[in-house]
Amino acid sequence: MSDESTVRPEDGPGTGGSAAPGSDGIPAYARPAVRLLPGEMTDEPDDDAPVPGRRRKVMLITLGALGVAALLSVVFVGPTALRVVQQKDSTLTMPDRIGDLTRDDSDAAKDTAGYLMTALAADIDLDRTASAIYSDPAGGPSKSIMVFGGAASLLRPEREFDTVLELMEDETGGVTGLQSIDPGDLGGVVKCGSADSPEGQLAVCGWADNGTIALALFPNRTPAEATPLILQIRTTTLHR
C-alpha cells in the first residue's frame, strides 16, 4: 500500500491540480506551448492574428505604393523604352559626299578612320560601326573632317556621349567650352566644344540618341564653324 498520489496524464504539472483537456484534446497547461507551434488552434482565436480591418488597410497601402511605382515607371521609363525600340535598327553610313565635303578613300585616310573607330569601340559597345574622313575643297587637307560612330541601344544617350568625350582626354587634355545644340527632329543630344591639338585648334562635335552615337573632329575650325557641319553630317549619315 502506498501513500504516494498518482499523477495522471491529464493532470497539470502542479501536484493535485486538474486541467481537463478541451474539446480539441489539448490540456490547458499545454496551450501556451502549442501556440508556438505551426498550425492553428481550433477552439481559441490567436491573440496575435492580424485584425481583418488592419490587414485590409495594409493591403491597400501596399497596392497603392505598387500602383504609384508602376505609374512612375510608365511616365519616366516608358517613353525611353519606346524610343529605344523605335531606334534600335538605326544605321550610320558614310556616303561619297556630304554637301560640299568629299569622302577621302585613300589608304592613309582609311587607316586613320579605322584607328579612331577602334578607339571608340573599345569604350562603347556598338552593334554596327562606320567611319570616314571627308575633305573640304575650300579648306584643303588641313580642314579634313574625321567622322566615326555606330549604332547601339542607349538608355542614357548624354551619359554615353560624355564617355565618348573622355577619349579625348589623353590626347588633347579634354574638351572645353562644350555647348548643347538643338538636335532638331532627330532628337537626342548634340554638342560641340574645342580641344587643343599639336596642329592647332580642334573643334569636337558629336551626337547621341537612343539608337546611335558618333563623334566628329574638325581641325582648324571653331565650334561655331563646326556646328552647322555636324548637323548636316548627322542628317546625312543617320538612317532610321
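The single condition from (1) in contact (Cβ under 8 Å) with a residue 60 or more places away in the chain; (2) in a loop (DSSP other than H, G, I, E, B); (3) open to solvent by 60 Å² or more (accessible area, probe 1.4 Å) that D105 fails is (1). The criterion of at least 2 residues that are in contact with a helix residue (DSSP H, G or I) (Cβ under 8 Å, 6 or more places away or on another chain) and open to solvent by 40 Å² or more (accessible area, probe 1.4 Å) is met by the following strands (runs of 3 or more DSSP E) wholly inside the stretch 134-240: 176-181.
Counting only residues that are within 20 Å of A152 (Cβ to Cβ) and in contact with a strand residue (DSSP E or B) (Cβ under 6 Å, 6 or more places away or on another chain), how many does the stretch 218-237 have?
So the answer is 5.
Being small (G, A, S) and in contact (Cβ under 8 Å) with a residue 12 or more places away in the chain is the requirement here; does G140 meet it? So G140 fails the test.
The values are calculated or read from the model by the stated rules, or taken from the named source; none is laboratory data. Since we're looking at a predicted model, the values are computed, not measured. As a convention, Cβ positions derive from the backbone with ideal geometry for all residues, glycine included, and neighbour counts pool all protein chains shown. Side chains are part of the model used for accessible areas, which takes the heavy atoms of the whole protein and leaves out ligands, DNA and RNA. Shrake-Rupley method; radii C 1.70, N 1.55, O 1.52, S 1.80 Å.
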